[in-house]
Structures are given as C-alpha cells and as structure tokens.
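Asks: Please find one structure pasted underneath; my questions will follow.
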Amino acid sequence: MGDSQSWAAVPSAAERARSVLAASWSCAVTADGGREEFVGAHTVDDDGRVILRVPEDSALLTAAICAPRGEPSAVLEFADVAPVPVRSRIRTRLWLAGWFAPEDDHLAFHATRVVLKPPTGAVVVDLGDFAAAAPDPLATAEAHLLTHLADAHPDAVERLTRLVQHDSLHGAVRVQPLAVDRHGLTLRIERARAHGDVRLPFHAPADDVGQLTERMHVLLTQAAACPRALQRQRADGDG
C-alpha cells in the first residue's frame, strides 16, 4: 500500500540494483535444475560482474564447466532485507540471468538480463546502465545507520513524522526507518492491517556518512518547527 507523500530525487533502477549487490551478503543460484544458497561467497567487480567462489565438489561448478559457453544457464537471486524489523521486510529482489565461466579459482557470472523488483513492480534494467552505475555511497553503511536510528533515537524518528502529510499518518500504530540513500530517508508507517511508505527528501545529496549526518540535522530542524506530532492509534484499531 502506498501513501500520497511526494517523492523527490531517487536512485535510478541501475543504481538500486548495484546497491543491492554491494550490500548483499548472500545469494541463491538456480542452475541445471538445482538451487544452492551461498553466504559470503561472492564479490562484485566495478562493472557489476559477480564473482562466486564455490567448493570444488559443488554441482554448480560442474554445471558451469559442462554448459555450452555463452548460453544463459543460471539465475542469481539477491534479497534486499530491511535491517530494522518491519512488516514485509524484503524491500527489493534482484535477479540476474546469464551464464558462468570458470576463471582460476572462481566462477565469473556474465549477466544477460537484470531484473529489479521493488514493491511497485518488476523493472528490467538496461545492461549498459547496470555496468556503468555505481552503488549508492551509503549502501554498505545503511544497515548500521538505520538500526542505530531506530534503537538509539526513537524520539528523532517520531519527530520526523511531523514532516509527513496528515493523510499518510492516519491510523498509524508504528513508524520505523525503512531505508536511506544519498537522496533521502524512507519511513515505514504501519497501521492495524496495512502499511505504507513515505519519503523525506534531503535538500542535497549525501555522498558520505558525514554529509548524511548534516542532512538528517536539517530534517530534524525542519520537523522541530512543525507543531504537529504523530497521534498513534492502538494496534487493535480502538485508539
């Protein structure tokens, strides 16, 4: 369920896909009719190429060696999971279809199709854009930043709800930080039987954590000037 809060600049689909790759620690690989889960086994080149290190007895390695070179034969799946506990915790899924080539002590994945699936629907990412894009500069720090905000500064989260349009807060029982990127902070607003997300844009992009701190201070200052506070309802809807 979406909300009416307006969105400012957001990362492109290619940048979002690269950010998922940069932050993901695990991936699932479907190939030759089988599926394997790998944790801490992949790295990503500057052009987005995935390098996967698998055990010598892995069925995936055998399939890669035997498969006709250049034929799409595998799908990699990555899940972008919100670091703060919220409903519908998977924010985005990313699929890469393509083929593996054995190289030295690893497998190099050559993507022929990239699909990003946020809640708004699947998007096919142009391969050239994907290779040229860079991950969001906050992608690898996002989990720590959001959990710190939620755990250590719940008062700040509540203050930020003063910047949210009244209609978007109707029936709210809980608000949590869902995502942050160089362009803004996204809040998840949970109601008794539904939820929605609103975005609080920064006045300028944040290229590192230091700049993010300044951008957050600006938002909090703007919120302090707004007298309206979040009026929560009881989770059973009787509030």
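The values are calculated or read from the model by the stated rules, or taken from the named source; none is laboratory data. Remember, predicted model here, so these are calculated numbers, not experimental data. Glycine gets a Cβ as well: all are built from the backbone with ideal geometry, and neighbour counts include every protein chain shown. For the accessible areas, the whole protein counts, side chains as well, though only heavy atoms, and no ligand, DNA or RNA atoms are used. Shrake-Rupley method; radii C 1.70, N 1.55, O 1.52, S 1.80 Å.
Asks: So what's the stretch 176-215 giving for Cα Rg divided by 2.2 N^0.38 Å, two decimals? Let's see the in-between values first.
Replies: Details: Rg = 11.9 Å, N = 40, 2.2 N^0.38 = 8.9 Å.
Its radius of gyration relative to the 2.2 N^0.38 Å reference: 1.34.
Asks: I would also like to ask the following. If you average the sequence gap of Cα pairs under 8 Å that are 6 or more apart and divide by the length of the chain, what percent do you get for the contact order?
Replies: On the way: 467 pairs, mean separation 49.7, N = 239.
Result for the chain is 21 percent.
Asks: Would you kindly state the longest site-free stretch of the chain, with sites defined as chymotrypsin sites (Phe, Trp or Tyr not before Pro) in a DSSP loop (not H, G, I, E, B) surrounded by at most 16 other Cβ atoms within 10 Å? Intermediate values should be presented prior to the final figure.
Replies: Details: sites that count: W7, W25.
Value returned for the longest uninterrupted segment is 26-239.
Asks: Also: How large is the accessible surface per residue of the stretch 10-169, computed with a 1.4 Å probe and reported in Å² as a whole number? Provide the component values of the computation, followed by the final result.
Replies: Working: 8170 Å² over 160 residues.
That works out to 51 Å² for each residue.
Asks: Run the accessible area of the stretch 114-207 with a 1.4 Å probe and give the carbon-and-sulfur part as a rounded percent. Kindly include the intermediate steps, with their values, before the conclusion.
Replies: Values: 2200 of 4120 Å².
In the stretch 114-207, the share of accessible area belonging to carbon and sulfur is 53 percent.
Asks: Another question about this same structure. Could you work out the relative contact order of the stretch 93-156? I mean the mean sequence separation of Cα pairs under 8 Å and 6+ apart, divided by the number of residues, in percent.
Replies: Working: 56 pairs, mean separation 13.2, N = 64.
Value for the stretch 93-156: 21 percent.
Asks: Cα-Cα pairs above 22 Å in the stretch 1-113: how many percent? Provide the component values of the computation, followed by the final result.
Replies: Working: 2327 of 6328 pairs.
The calculated P(r) of the stretch 1-113 puts 37 percent of pairs beyond 22 Å.
Asks: Along the charge dipole of the chain, which of A194, A133, C27 sits closest to the positive end, that is, farthest toward it, with unit charges on the beta carbon of Lys, Arg, Asp and Glu (+1, +1, -1, -1)?
Replies: Going by the Cα projections, it comes out as A194.
Asks: Counting other Cβ atoms within 10 Å of each Cβ, which GluC sites (Glu not before Pro) in the stretch 29-123 have at most 16 and sit in a DSSP loop? Walk me through the intermediate numbers first.
Replies: Details: sites: E36, E37, E56, E77, E103; in loops: E56.
Passing sites in the stretch 29-123 are E56.
Asks: Still on this structure, please answer the following. Is there a quick way to get the dipole size of the stretch 52-199? I mean about its Cα centre, with the Cβ of Lys and Arg at +1 and of Asp and Glu at -1; what is the value in debye to the nearest 20?
Replies: Details: 16 positive and 19 negative charges, 173 e Å.
Value, rounded to 20: 820 debye.
Asks: Let me ask something else. By the gyration tensor of its Cα atoms, with a ≥ b ≥ c the square roots of the eigenvalues, what is the shape of the stretch 122-181: rounded for a/c under 1.5, prolate for a/b over b/c, or oblate?
Replies: Numbers: a/c = 3.49, a/b = 1.75, b/c = 1.99.
Oblate shape, in that a/c is at least 1.5 and b/c is the bigger or equal ratio.
Asks: How big is the Cα convex hull of the stretch 150-192 in projection, averaged over all directions, in nm²?
Replies: Directional mean of the projected Cα hull area for the stretch 150-192 stands at 3.3 nm².
Asks: Another question, if that's okay. If you find the alpha carbon centre of the stretch 32-56 and of the stretch 88-102, how far apart are they in angstrom?
Replies: Here the answer is 10 Å between Cα centres.
Asks: Here's something else I'd like to know. Please state the equivalent ellipsoid semi-axes for the stretch 83-239: what are the square roots of 5 times the Cα gyration tensor eigenvalues, largest first, in whole Å? If you can, show how the numbers build up before the last one.
Replies: Values: eigenvalues 241, 76, 36 Å².
Semi-axis lengths for the stretch 83-239 are 35, 20, 13 Å.
Asks: Tell me the net charge near G98. Cut-off is 11 Å between Cβ atoms, G98 excluded, with +1 for each Lys or Arg and -1 for each Asp or Glu.
Replies: Details: positive: R49, R113; negative: E71.
Once all neighbours under 11 Å are counted, the net charge is +1.
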